[in-house]
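*Asks:* My questions all concern the structure below.
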């Protein structure tokens, strides 16, 4: 298994940068997710993560660093969080972070909503950085 790296794209439909580093065990999805075909974009990411949790052990750090995502992307984010919730049962030291830009109350609330909906420990982190 290799690290997963997908560069961000821009334009009418934007995809986030994905950097799942097996060496550091830090997994990051960042940027804008305004994806035309969400299933086609996120399926390989979810498949990679499914394979990872089946064949690896120990703590990981997962960071969601969006400044925007559309509603169809939210469904894929939810699927990823469900995988992480299951993984955290076995490896509770795993950490999940939800970064949101300072002043973006909507993104903060969405992180809170995912946290409440799934009952998963998500650390909400405000930042003045644009991803």
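Readers should treat all values here as calculations from the given coordinates under stated rules, not as data from a laboratory. A quick note: this is a predicted structure, and the numbers were derived from the prediction, not measured. Glycine gets a Cβ as well: all are built from the backbone with ideal geometry, and neighbour counts include every protein chain shown.
*Asks:* Counting other beta carbons within 10 Å of each Cβ, put 96, 18 in order, fewest first.
*Replies:* Fewest to most other Cβ atoms nearby, the residues stand as 18, 96.
*Asks:* Same structure again: Can you classify region 30-127 as rounded, prolate or oblate using the Cα gyration tensor, where a ≥ b ≥ c are the square roots of its eigenvalues, rounded means a/c under 1.5, and otherwise it's prolate if a/b beats b/c and oblate if not?
*Replies:* Oblate.
*Asks:* Okay, moving on. With springs connecting C-alpha atoms under 10 Å apart, model the chain as a Gaussian network and identify which of 52, 20, 34 has the largest mean-square fluctuation.
*Replies:* Greatest mean-square fluctuation among the candidates belongs to 52.
*Asks:* Just from its helices, what would the mean residue ellipticity at 222 nm be for the chain, if runs of 4 or more DSSP H residues each count -39500 (n - 2.57) and the sum is divided by every residue, rounded to the nearest 500 deg cm²/dmol?
*Replies:* Computed ellipticity for the chain at 222 nm equals -13500 deg cm²/dmol.
*Asks:* How would you classify region 92-131 from its alpha-carbon gyration tensor, with a ≥ b ≥ c the square roots of the eigenvalues: rounded for a/c under 1.5, else prolate if a/b is greater than b/c, otherwise oblate?
*Replies:* oblate
*Asks:* Cut-off 10 angstrom, C-alpha nodes, Gaussian network model of the chain. Which of 117, 81, 49 fluctuates the most?
*Replies:* The residue with the greatest mean-square fluctuation here is 117.
*Asks:* Same structure again: Report for the chain the percent antiparallel among DSSP-assigned beta bridges with both residues inside it, nearest 5.
*Replies:* 35 percent
*Asks:* Moving to a separate point now. Please order 4, 78 by the number of other Cβ within 10 Å, starting at the fewest.
*Replies:* So the ranking, lowest neighbour count to highest, is 78, 4.
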